[in-house]
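Here the structure comes first, spelled out in structure tokens, and everything after it is commentary.
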Amino acid sequence: MTEENFIPYESYKNIEHGEIKAKCSSNIALVKYWGKFDMQLPANPSISYTLTESFTETTIKFKKSDNFSVKLYLDNQIQEGFASKIYTYFRSIKKYLPFIDNYSYTIHTKNSFPHSSGIASSASGFGALALCLMNMSELLGESNTKEFKLTKASFLARLGSGSACRSIYKGLVVWGKSPDIISCSDLYAIPFPYEISPIFKEIQDTILLVHEGNKQVSSSIGHSLMKEHPYATSRFKQASKNLSEICKIIQSGDLEIFGEIVEHEALTLHAMMMTSSPPYILIKPNTLAIINKVWKFRQDSKSHLYFTLDAGANIHLLYPEREKGVINSFIKNDLIKYTENGNLISDRVLF
Ligand code: PMV
């Protein structure tokens, strides 16, 4: 599909007001998207697991109005900064939703995870918004197949926050052009289109909250620093290679190589931050302490416990459900002390 496919040509019903709702989960990338071109087009393909327990729920009330406006409440607290971001976002997607500025909007949104937890809410947040907007276009008379609705939701979510386009689907999701993946696109994400070895369908994710609160450098700045980055070209090549590799592994079921790629990707993401100009560091001493403990535990126990990181200090621990017992005891006895407030989120992947 091309961008043209997302521009509707129908006329919409004249509806005065209404309400739409949607829920969308966060995701954790295995091969990371880091670096982009205009219009949130990714510099390399990525793949992620959509989580289950970490989600955003959004309700939008819309009312016909000559004054297009957005009011936004997060956990019932008015958020002016967020509202103005969403206002700009809505404006930017008018081409794809021509009715958008004929209304005023009151948005109520809440996350299942604490706002201060440092868990990125932009993926689940823009995912939920995009799904709401697709529900709204249907209410106004657009008739779409379920497949197209999700594809367009993914396309719209991408324009809000790149990684959000992957949150539209459950399970394993791929975004970005890759010669090894059939029908993938830079414009939207698709569910992993090949067979998935059963071991990769029962993955748990325990998120250790090493640092709660906002990170010092936003992802948008991080992406933009990749433009002049001395290692950008090799990083983009490496990500594409890792994606091809992990796609084969997901089909064949080799957890060890999976873990190797996933950890390497996490460390490379942070290496890019540390070597950009200006450099910055988002991981904390306790992030490193946990990584070393995980490596030692794996060596001693032969468990399949692997870590990954997003753009922050928190650690995602990935492991198969069948090893939950021993791994959860290890987390409780040896790792939880490295979190800021003894907080963790037990999440998992559902297909
Ligand atoms: O979607 P953004 O612009 O917030 O970028 C997110 C980038 C990472 O989370 C670090 C990696 C990824 O692929 O999700």
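We did not get these values from a lab; they are worked out from the coordinates using the rules stated. All figures in this text were calculated on a predicted structure; none of them were measured in a lab. Note: ideal-geometry Cβ built from the backbone for every residue, glycine included; neighbour counts use all protein chains shown.
Under 5 Å between amide H atoms, partner at least 5 residues away or on a different chain: which partners does Gln204 have, H built in plane at 1.01 Å?
Tyr319, Glu321
Nearest 10 degrees, 0 to 90: what angle lies between the long axis of helix 80-92 and the longest principal axis of the chain (Cα atoms)?
It is inclined by approximately 70 degrees.
Under the rule of at least 5 residues apart or a separate chain, name every residue whose amide H is placed under 5 Å from the amide H of Glu53.
Correct list: Arg348.
Which whole number of Å³ per residue matches the convex hull of the alpha-carbon atoms in region 198-348?
111 Å³
Provide Rg and Dmax in Å for region 221-278, with only Cα atoms included in the calculation.
Every Cα atom of region 221-278 included, Rg and Dmax give 13.0, 41 Å.
Under 17 Å between alpha carbons, and skipping anything fewer than 8 positions from Lys23 in its own chain: which lysines qualify?
Lys61, Lys110, Lys146, Lys149, Lys152, Lys170
Checking the cross-link filter: which lysines have an alpha carbon closer than 18 Å to that of Lys248, excluding same-chain neighbours under 8 positions apart?
Result set, ordered by chain and number: Lys32, Lys177, Lys201, Lys237.
With +1 assigned to the C-beta of every Lys and Arg and -1 to the C-beta of every Asp and Glu, and no other charges, what is the dipole magnitude of the chain about the Cα centre in debye, to the nearest 20? Spell out each step's value before the answer.
Working: 38 positive and 35 negative charges, 58 e Å.
Around 280 debye, computed over the chain.
Would you calculate the convex hull of the Cα atoms in region 1-44 and tell me its volume per residue in Å³?
161 Å³
Just want the answer: with Cβ charges of +1 for Lys and Arg and -1 for Asp and Glu, which residue in Gln79, Phe192, Leu344 is farthest toward the dipole's positive end in the chain?
The listed residue farthest towards the positive side: Gln79.
Taking neighbour counts of Cβ atoms within 10 Å as a proxy for exposure, in what order, fewest first, do Leu309, Leu129 appear?
Leu309, Leu129
Per residue, how big is the convex hull around the C-alpha atoms of region 272-351? Give it to me in cubic angstrom, could you?
Output value, Cα hull per residue: 114 Å³.
Normalised by the empirical 2.2 N^0.38 Å for globular proteins, what value does the Cα Rg of region 29-157 take?
For region 29-157, the normalised Cα radius of gyration is 1.10.
Determine ³J(HN,Hα), in whole Hz, for all residues of region 199-210 in sequence, where each value follows from phi through the Karplus function 6.51 cos²θ - 1.76 cosθ + 1.60 and θ = phi - 60°; x replaces Gly and Pro.
Couplings: 4, 7, 9, 10, 7, 9, 9, 9, 9, 8, 7, 6 Hz.
Cα-Cα pairs above 20 Å in region 1-89: how many percent?
In whole percent, the long-distance tail amounts to 62.
Under 14 Å between alpha carbons, and skipping anything fewer than 8 positions from Lys36 in its own chain: which aspartates and glutamates qualify?
Lys36 reaches Asp186, Glu228.
Residue by residue, what Karplus-based ³J(HN,Hα) values in Hz, rounded to whole numbers, does region 185-191 have, using 6.51, -1.76 and 1.60 with θ = phi - 60° and x for Gly and Pro?
8, 7, 7, 7, 8, 9, x
If you take all C-alpha pairs in region 146-283, what percent of them are over 22 Å apart?
Details: 4598 of 9453 pairs.
Value for region 146-283: 49 percent of Cα pairs lie more than 22 Å apart.
So if R0 is 41 Å, what FRET efficiency would Glu147 and Asp300 give, r being the distance between their Cβ atoms, rounded to the nearest 0.05?
Efficiency for this residue pair is about 0.30.
Apply the Karplus parameterisation 6.51 cos²θ - 1.76 cosθ + 1.60, with θ equal to phi minus 60°, to every residue of region 98-106 and state each ³J(HN,Hα) to the nearest whole Hz, in sequence, with x for glycine and proline.
x, 7, 4, 8, 8, 10, 10, 10, 10
Let me check the size of the chain from its C-alpha atoms; what are the radius of gyration and Dmax in Å?
20.2, 66
Amide H of Lys36: which non-local residues (sequence gap of 5 or more, or other chain) have their own amide H closer than 5 Å, using H built in the peptide plane?
When sequence neighbours closer than 5 places are left aside, the close amide H contacts are Ala43.
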